[in-house]
Amino acid sequence: MVFKRTAMLAVLWAVFPFSAMAEDIVISSTFNSVSTISEQAQEFANKCLPTTAAAFLKMVRDAGTASTVVTRNSDRMKPFLVVNGTRTICVAQSSKGYPILPTEVFEQTINFNEMPAEDQKSLQTSLARQLALTGAANALIKTEGGNAMGVYYMFTSDNPLKFYYHLAFLKLNEIDESKFAFVTSSKGPVSSTARNQPPESFKPLYQK
């Protein structure tokens with residue numbers, strides 16, 4: 001599913017519920033996971049989402065070496081289990097029912113060249129927290145010369161297996177910091193890792 005640029009920006013700016021950002025959520029750098037072939041895998045899976053050994057083995061077989069299999073709890077606020085062929089992942093969810101993603105998921109989406117590592121971490125932490133609480137995230141990155149880049153991420157379902165992301169150039173007279181949940185700056189260029197992409201690109205969340 002691909003959104004027209006103007007439609008996506010309008011939706012994100014119009015419905016972004018900043019008031020929902022009050023919930024305290026801890027964002028990790030990596031997924032909580034173990035190797036699917038490890039001795040601890042079934043115990044890990046059962047702690048994440050009570051499941052029998054037979055059910056877990058079926059997930060592993062269904063995932064094979066290239067697929068991703070997800071088993072969810074009926075309570076959308078409780079963790080769910082993902083098996084992707086090499087890793088077994090326990091994904092926590094927020095009180096809003098969205099996955100709490102680690103900062104590593106933002107790798108290979110948008111590059112923040114020359115931005116200090118701590119600033120990148122703060123930016124990605126904010127994006128992950130926004131997604132967990134609202135299903136959408138944005139940030140404004142000011143660049144040299146007075147212009148800026150708008151960064152946008154969003155889920156497109158209640159049980160997302162991927163997110164969409166978009167990068168928009170903003171001239172000085174187009175910048176409105178009040179429309180962004182996070183504002184920072186970068187001395188270097190900001191660019192999408194995708195090439196020849198439509199205005200919005202997507203990335204699977206749980207693939208190996």
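The values are calculated or read from the model by the stated rules, or taken from the named source; none is laboratory data. Remember, it's a predicted structure, so these values are computed and weren't measured experimentally. Quick reminder, even Gly has a Cβ in these numbers, built from the backbone with ideal geometry, and neighbours come from all protein chains shown.
For Gly188, the criteria (1) part of a strand (DSSP E or B); (2) in contact with an Asp or Glu (Cβ under 8 Å, 6 or more places away or on another chain); (3) surrounded by fewer than 20 Cβ atoms within 10 Å (Cβ to Cβ) hold in every case but one, which is (1). All conditions but one from (1) more than 9 Å from the chain's Cα centre (by Cα); (2) under 24 Å from Leu81 (Cα atoms); (3) assigned to a strand (DSSP E or B) apply to Thr125; the one that does not is (3). Among residues of the range 171-191 being closer than 19 Å to Thr125 by Cβ and polar (S, T, N, Q), the one that is nearest to the chain's Cα centre (by Cα) is Thr184.
Can you find a residue in the range 133-154 that is over 25 Å from Thr68 (Cα atoms) and in contact with a Pro (Cβ under 8 Å, 6 or more places away or on another chain)? Yes, that holds for at least one residue.
Met154 passes all but one of (1) under 17 Å from the mean Cα position of the chain (by Cα); (2) modelled with pLDDT of 95 or more; (3) loosely packed, with under 15 Cβ neighbours inside 10 Å; which number fails? Status for Met154: all satisfied but (3).
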